[in-house]
Amino acid sequence: MSLHGAIDVVVSDVVAINDLVKRFHFERPDGEPLPAFSGGSHIVIEMQDGETLRRSPYSLSSSPFRTTDYQVSIRRDDQGRGGSLYMHREVTPGMSMRISHPANLFALDKRAPKHLMLAGGIGITPFMAQTAQLRDTGGIAELHYGVRNRALGTYVDELSDRLGPRLHVYLDEAGERMDLDRLLSSQPAGTHLYVCGPAPMIDAVLEKAREHAWPDAHVHHERFATTAPGEPFTVELRASGLTVEVGREQSLLEAIENAGVNAPYLCRGGACGQCETRVLSHEGALLHADHWLSDEEHAAGEAIMPCVSRCSGALVLDR
Amino acid sequence: MTMSRIEPSIRSRPVYGTLSAVNATAHLCVADAAGGAALRELFTHAPPGFAARTEIDYVPGPEDHTDALRALAPARFHTSPTVPALLPRLVRQFERMHMGTQVYLAGSETLIGLAMKTGMEAGLDFEAMQTEHRGTLARRMQCVHCKGITEGVTTQPATCEHCGLLLLVRDHYSRRHAAFQGVNINAEDPTDVPAKEEIFS
């Protein structure tokens, strides 16, 4: 159970966009509209993969003005814990699935006279919804989009139609790079900056924004959930009186959920803070992978974000 | 150390800090009257080369720091006769400005509030602008009944210059109007007229 409740949906279409990315369409079984959402929102998809229940967050990439279906665009990650592989291999049209209500941790600031968007790879997905939203509400978007090569440039043609000269594509294999110094020093007052992409790209942009004295209130970022596999360990859930194993391909949060324990969550990517849990004791080292707790809190070892973080030995939680 | 005499109050009531030079490509300083002293202190603690990247817009008042500010040799220095007279110029400044320019506002709450409102209308977040209160506590007040603005309110209660109602000047503040809210103090019995006290000076 989560904060969202769940929505029963049917997979209405699966579209291969290129060699790595597939788009999945979800509709309600009765064809009624899905809940409204805003650009930048994500949903959590439940995947029953054999014995394993996974819940993975994906940005909605369709227009917020279209609620007959939800669309997510998922890049196959051969090194991940298996969520994207499951979606790519197992999910076909007609299948019944469960998704969460949409939540937005990467919303547009509608006061902005201009939105400067920087995307890397599959980090394009929230911007698909946001540029659709701005197209229909009249806001100015300028999108800089780094892709590996032309063939893997997901939605470049669609974005080109939508944004015209305000789309700038950088081909990684051709050595093309965004000139962050020029970009961040030439924006009119009031511009809001949004970045989504691989962690090193986000870190570089945030550092440049600080260097160029951008106020924090004007800088927005969204990291993808990077819950890498890890060594198995044991967790005691003292408040629930349960002890469970966390598998190699499983997150701590998923292990807690599989044990039938209600745990709060929202982003499942270590960013929102909802799943923060008190650590009662730990034998191994806490392997923090979140962006929520401060460095001091990480060092103190009194709290953990179970959606992305693990432990190298036995762990006791107040859950 | 802050020189502001503002008492802590409800959350709506603006609080101000102490100006501190940041490492930015350009700086825009806006001040009135005693706010000039805050700019002078800002320059004292600023890194080398600060003045050459800084523009000052100043409205002299009961305290006049014009000569001292000009002597700081900012890249541009401009004085305006009144705060309202400065605003159209400020609109243009914000239009021309790029992200990465740090804004510093110092002086009366009216100057800070109106300059901040102008910046917000250009799309800047209010938290993106540094502020320091100096000088008068006189308030810009909006009558919640007739919506008229009365400038330079120093008494509690105060009379609305538009509709004539006697108003309790609240700490409830509107950033969008750059004004404190004034609410009729004797609606039940208009013959009950509390004495005015000079408290915002």
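Throughout, read-outs are computed from the coordinates displayed, never taken from laboratory work. Predicted model only: the values in this text are computed from it and were never measured. FYI the Cβ positions are ideal-geometry reconstructions off the backbone, even for glycines, and counts take in every protein chain you see.
Values for this structure:
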{"quantity": "Rounded tilt (10° steps) of B:83-96 against the dominant C-alpha axis of chain B", "calculated": "50"}
{"quantity": "For the stretch B:183-197, 3J(HN,Hα) per residue [Karplus equation, 6.51 cos²θ - 1.76 cosθ + 1.60, θ = phi - 60°, Hz, x = Gly/Pro]", "calculated": "10, 3, 8, 9, 4, 5, 9, x, 7, 7, 10, x, 5, 7, 10"}
{"quantity": "For the stretch A:176-236, the spread of Cα positions along each principal axis, largest first, Å", "calculated": "52, 29, 16"}
{"quantity": "Whole-angstrom gap from the stretch A:215-249 to the stretch A:9-71, using each part's C-alpha centre", "calculated": "23"}
{"quantity": "Kirkwood hydrodynamic radius over Cα pairs of the stretch B:161-201, then Stokes diffusion coefficient at 25 °C and 0.890 mPa s, in µm²/s", "calculated": "210"}
{"quantity": "Within chain A, helix-based [θ] at 222 nm, where runs of 4 or more DSSP H residues each add -39,500 (n - 2.57), nearest 500", "calculated": "-5500 deg cm²/dmol"}
{"quantity": "Principal-axis tilt of helix A:125-137 within chain A, Cα atoms, nearest 10 degrees", "calculated": "50"}
{"quantity": "Mean shadow area of the stretch B:26-133, taken as a quarter of the surface of its Cα convex hull (nm²)", "calculated": "5.9"}
{"quantity": "Amide H partners (placed H, <5 Å) of B:Gly61, local residues excluded", "calculated": "B:Ala33"}
{"quantity": "Dimensionless Rg/Rh of the stretch A:115-223 - Kirkwood Rh, Rg from C-alpha atoms", "calculated": "0.93"}
{"quantity": "Residues A:Tyr70, B:Tyr173, sorted so that the one with the fewest Cβ neighbours within 10 Å comes first", "calculated": "B:Tyr173, A:Tyr70"}
{"quantity": "Computed over chain B: relative contact order in percent, which uses C-alpha pairs under 8 Å that are six or more apart", "calculated": "20"}
{"quantity": "Rel. contact order, % - alpha carbon contacts under 8 angstrom, at least six apart, the stretch B:139-198", "calculated": "34"}
{"quantity": "The protein assembly as shown: Lys pairs at Cα distance under 24 angstrom, eight or more positions apart or on different chains", "calculated": "6"}
{"quantity": "Unit Cα scatterers, Debye sum, the stretch A:156-196: log10 I(q)/I(0) for q = 0.19, 0.23, 0.30 Å⁻¹", "calculated": "-0.79, -1.05, -1.12"}
{"quantity": "Local electrostatic count at A:Ser281 - Lys and Arg +1, Asp and Glu -1, tallied over other residues with Cβ under 15 Å", "calculated": "-1"}
{"quantity": "The stretch B:149-199 versus the stretch B:1-54: alpha-carbon centroid distance in Å", "calculated": "29"}
{"quantity": "Hydrodynamic radius by Kirkwood, which averages 1/r over all alpha carbon pairs of the stretch B:1-64, in angstrom", "calculated": "13.3"}
{"quantity": "Phi-based couplings in Hz for the stretch A:262-276 (Karplus 6.51, -1.76, 1.60; Gly and Pro marked x)", "calculated": "6, 10, x, 7, 9, 9, 6, x, x, 10, 8, x, 4, 8, 3"}
{"quantity": "Radius of gyration and maximum dimension Dmax of the stretch A:6-104, Cα, Å", "calculated": "12.6, 37"}
{"quantity": "Value at 222 nm in deg cm²/dmol, rounded to 500, when DSSP H runs of n ≥ 4 in chain B each add -39,500 (n - 2.57)", "calculated": "-6000 deg cm²/dmol"}
{"quantity": "Tilt relative to chain B, helix B:109-121 - C-alpha long axis, 0 to 90 degrees, to 10", "calculated": "70"}
{"quantity": "Kirkwood-type radius of the stretch A:274-319, with distances r between different C-alpha atoms, in Å", "calculated": "10.3"}
{"quantity": "Cα-based equivalent ellipsoid of the protein assembly as shown: semi-axis lengths in Å, sorted from largest, via gyration tensor", "calculated": "50, 28, 24"}
{"quantity": "Cα pair count fraction exceeding 17 Å, expressed as % - the stretch A:233-317", "calculated": "38"}
{"quantity": "The stretch A:6-104, relative contact order in percent, only Cα pairs under 8 angstrom and at least six apart counted", "calculated": "39"}
{"quantity": "Zero-based 10 Å bins, Cα pair distances in chain B, whole percents", "calculated": "9, 35, 33, 16, 6, 1, 0"}
